[in-house]
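The values are calculated or read from the model by the stated rules, or taken from the named source; none is laboratory data. Given the structure is predicted, the values throughout are model-derived calculations rather than measurements. With ideal geometry, Cβ positions are generated from the backbone for all residues, glycine too; neighbour counts draw on all protein chains shown. Surface areas here come from the heavy atoms of the whole protein model, side chains and all, with no ligands, DNA or RNA. Shrake-Rupley method; radii C 1.70, N 1.55, O 1.52, S 1.80 Å.
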Amino acid sequence: MQKTSPLLRLGIIADPQYAALPPDARMDRHYANSLTKLRAAIHAFNLEDLDRVVVLGDLIDRGFEHFAPALETFAASRHPVIFLPGNHDFAVKPEQRSMVQAALDMPAPYYDVVVNGVRLIITDCCEISTFAPPPGDARLKEAESLLAALKEKGAINAHDWNAGMSASQIAWLKSRLALAEQHGEKAIVLGHYPLHPFSDHALWDAQTVAEIISSSPAALAYLSGHDHRGNYGKLGHTHFINFKGMVDTERDNAYATLKLMPDTLIIEGSGRQESYTLAI
């Protein structure tokens, strides 16, 4: 019997947070060790036939100078790499914030690409925030107002290390999901912040965005990082998978491969990352 080949194969890394800094013992984050962990993950990915490697944000912990050594590890990858920005990627000098997108070789703050008939929708979860827009940008004031309103409501995700999406990006997301539906494509949405289950690490407008994604018949999954504990939930027919942070623990790694089969989404975790077999 002939085996069915995956429709799409992805290597997945979340939150390496590399920095040439001492570890944070309280949070069990070992920043400098992430280069070794990244090399191990890339070596493992190179042994497989993958369509893309995805880094779900927070490549560095802080300091623009740390992008170069972290990115250098990906020179060994034989697969194309998609980088998403995370909140720690903007922990640079204010005048360097506008340089992050180019450093991560992103064609736009948010965009989509079709791979093997699957539409990958790459979102910018840091768009409306107190840390990503450059000085003087109107989005900084918008973020401050949104955060104040969330704090007034007592929202558990009302933190300045979280962020939100603009109305224009949300409208764009709807349009790309609609396009996938029109073309008979499956879609996987990528973002730094988790949406569902709702938590203290969730995107400020997580519930709105999660509902938009889960209401689309094309949307199979939403993949995120940010919450280093990892998580999983299902809303409607859509799987929401939050991957564990690579930077945590001194030596134990965390990364995964995703294989999309005709009726199953298979997440094969390595190290601390759980594995899932999810019906679609």
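Residues of region 192-223 being among the β-branched types (Val, Ile, Thr) and open to solvent by 10 Å² or more (accessible area, probe 1.4 Å), which ones?
Taking region 192-223 and keeping what is among the β-branched types (Val, Ile, Thr), we get 208-209, 212-213.
If the condition is that a residue be among the β-branched types (Val, Ile, Thr) and open to solvent by 10 Å² or more (accessible area, probe 1.4 Å), then THR208, ILE212 are the ones that fit.
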Margin query: Given the criterion open to solvent by 60 Å² or more (accessible area, probe 1.4 Å) and in contact with a helix residue (DSSP H, G or I) (Cβ under 6 Å, 6 or more places away or on another chain), identify the matching residue among ALA20, ALA68.
Written below: ALA20
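Is it fair to say ALA171 is among the hydrophobic types (A, V, I, L, M, F, W, C), modelled with pLDDT of 95 or more, more than 16 Å from the chain's Cα centre (by Cα) and over 18 Å from SER129 (Cβ atoms)?
Working: among the hydrophobic types (A, V, I, L, M, F, W, C): yes; modelled with pLDDT of 95 or more: yes; more than 16 Å from the chain's Cα centre (by Cα): yes; over 18 Å from SER129 (Cβ atoms): yes.
Answer is yes for this residue.
Would you check which residues across region 216-241 are in contact (Cβ under 8 Å) with a residue 60 or more places away in the chain and either part of a strand (DSSP E or B) or over 21 Å from GLY117 (Cβ atoms) (or both) and list them?
Filtering region 216-241 for residues in contact (Cβ under 8 Å) with a residue 60 or more places away in the chain gives 218, 220, 223-226, 228.
Within region 216-241, LEU220, LEU223, SER224, GLY225, HIS226, HIS228 qualify.
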Notebook entry, point to check: How do the pairs read when you match residues in region 10-31 that are at positive phi with residues anywhere that are open to solvent by less than 10 Å² (accessible area, probe 1.4 Å) and of a type in the set (Val, Ile, Thr), using Cβ under 6 Å and keeping only pairs 6 or more apart or on different chains?
Noted result: ASP15/VAL247; GLN17/VAL247
Checklist line | Residues being open to solvent by 20 Å² or more (accessible area, probe 1.4 Å), farther than 10 Å from ARG9 by Cβ and in a loop (DSSP other than H, G, I, E, B) - total across region 37-56 | finding: 1
Margin query: Name the single residue that is farthest from PHE90 (Cα to Cα) among those in region 137-156 being open to solvent by less than 80 Å² (accessible area, probe 1.4 Å) and in a loop (DSSP other than H, G, I, E, B).
Written below: GLY154
Checklist line | Set ASP200, ASP252: member being without any contact (Cβ under 8 Å) to a residue 24 or more places away in the chain and among the acidic types (Asp, Glu) | finding: ASP252
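Taking the options ALA167, ALA149, ALA143, ALA180, name whichever one is touching a residue at least 24 places away in the same chain (Cβ under 8 Å), of a type in the set (A, V, I, L, M) and either farther than 15 Å from SER214 by Cα or touching a strand residue (DSSP E or B) at 6+ places or on another chain (Cβ under 9 Å) (or both).
Working: ALA167 fails: touching a residue at least 24 places away in the same chain (Cβ under 8 Å); ALA149 fails: touching a residue at least 24 places away in the same chain (Cβ under 8 Å); ALA143 fails: touching a residue at least 24 places away in the same chain (Cβ under 8 Å).
None of the others qualify; the one that does is ALA180.
Determine whether THR277 is among the β-branched types (Val, Ile, Thr) and surrounded by fewer than 21 Cβ atoms within 10 Å (Cβ to Cβ). Can you show your working first?
On the way: among the β-branched types (Val, Ile, Thr): yes; surrounded by fewer than 21 Cβ atoms within 10 Å (Cβ to Cβ): yes.
Yes, satisfied.
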Note to self: Please go through region 63-106 and give me each residue that is free of Cβ contacts under 8 Å to residues at least 40 places away in the same chain, under 22 Å from VAL189 (Cα atoms) and either part of a loop (DSSP other than H, G, I, E, B) or over 19 Å from the mean Cα position of the chain (by Cα) (or both), ordered by number.
What the structure shows: PRO80, ASP105, MET106
Next item on the list: Can you tell me which residue among ASP105, ASP124 is closer than 23 Å to VAL209 by Cα and either touching a Pro at 6+ places or on another chain (Cβ under 7 Å) or modelled with pLDDT of 95 or more (or both)?
Entry: ASP124
Margin query: Looking at (1) farther than 28 Å from HIS43 by Cβ; (2) of a type in the set (A, V, I, L, M, F, W, C); (3) open to solvent by less than 20 Å² (accessible area, probe 1.4 Å), which one does VAL100 not meet, given that it meets all the others?
Written below: (1)
